[in-house]
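A short reminder: the numbers here are calculations on the coordinates, not readings from a lab. Keep in mind that this is a model prediction, so the values were computed, not measured. Cβ: placed from backbone, ideal geometry, glycine included. Neighbour counts: every protein chain shown.
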Amino acid sequence: MRYARRGKWIEVVIAEQRLIAWENGRTVMSTPVSTGTRYTPTPRGTFRIYSKYVRQRMRGPDYDLPNVPYVMYFRQGGYALHGAYWHTNFGQPRSHGCVNLPITAAAWLYYWAPRGTVVVIR
C-alpha cells in the first residue's frame, strides 16, 4: 500500500502511534501522534481532508479547547488531524478520536496538504 500511491497522502499507523506524510512513494515527514483511546477510537479507513482551519475552538462532553491549531477534518463527526498544545505525551493514545500532533508537525502538515489529500488510517 505505501508505494502504490502517487502524489501526496497521509498515513496514520495506530499501532505505532505514528503519522507519515508521503509524496510520490517517498516519506517526506514522520512524527509521533496521539490517536483515540479504546473508549473513543480513531476511525480506520481511507478518507480525504475536506476542511481546514488555522485555529478553531473544539468542544465535547468533557473538554472545551480554544484556539486548537492547524485543524484538518477528514471524517464527519468531528474527526481531524490537529496540533495539541495541552499535552506532550505523543506516542500514546489519549484523544477523543482525533489525531493529535506536535504543533510544529501540525503546522508543516497543514501547509503541505491541500484539501482533498488522502488520509489512510490503519
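Tabulated data for the structure shown
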item	result
1 or more residues among the hydrophobic types (A, V, I, L, M, F, W, C) and under 13 Å from the mean Cα position of the chain (by Cα): qualifying strands (runs of 3 or more DSSP E) within the stretch 44-122	45-48, 63-75, 79-83, 99-101, 118-121
Top-ranked residue of the stretch 31-60 - restricted to ones that are small (Gly, Ala, Ser) and surrounded by 13 or more Cβ atoms within 10 Å (Cβ to Cβ), ranked as farthest from His87 (Cα to Cα)	Gly36
Of all residues making up the stretch 61-82, the number that are crowded, with 19+ Cβ neighbours inside 10 Å and closer than 17 Å to Val13 by Cα	5
Selection count, the stretch 1-39, where residues are under 23 Å from Ser95 (Cβ atoms), part of a loop (DSSP other than H, G, I, E, B) and either small (Gly, Ala, Ser) or under 15 Å from the mean Cα position of the chain (by Cα) (or both)	4
Some residue of the stretch 55-71 being under 17 Å from Thr117 (Cα atoms) and among the charged types (D, E, K, R)	no
Test: Thr27 is surrounded by 14 or more Cβ atoms within 10 Å (Cβ to Cβ) and among the polar types (S, T, N, Q)	no
The stretch 102-122 residues that are basic (Lys, Arg), paired with ones that are part of a helix (DSSP H, G or I) and loosely packed, with under 15 Cβ neighbours inside 10 Å (beta carbon under 9 Å, 6 or more apart)	Arg122/Ala15
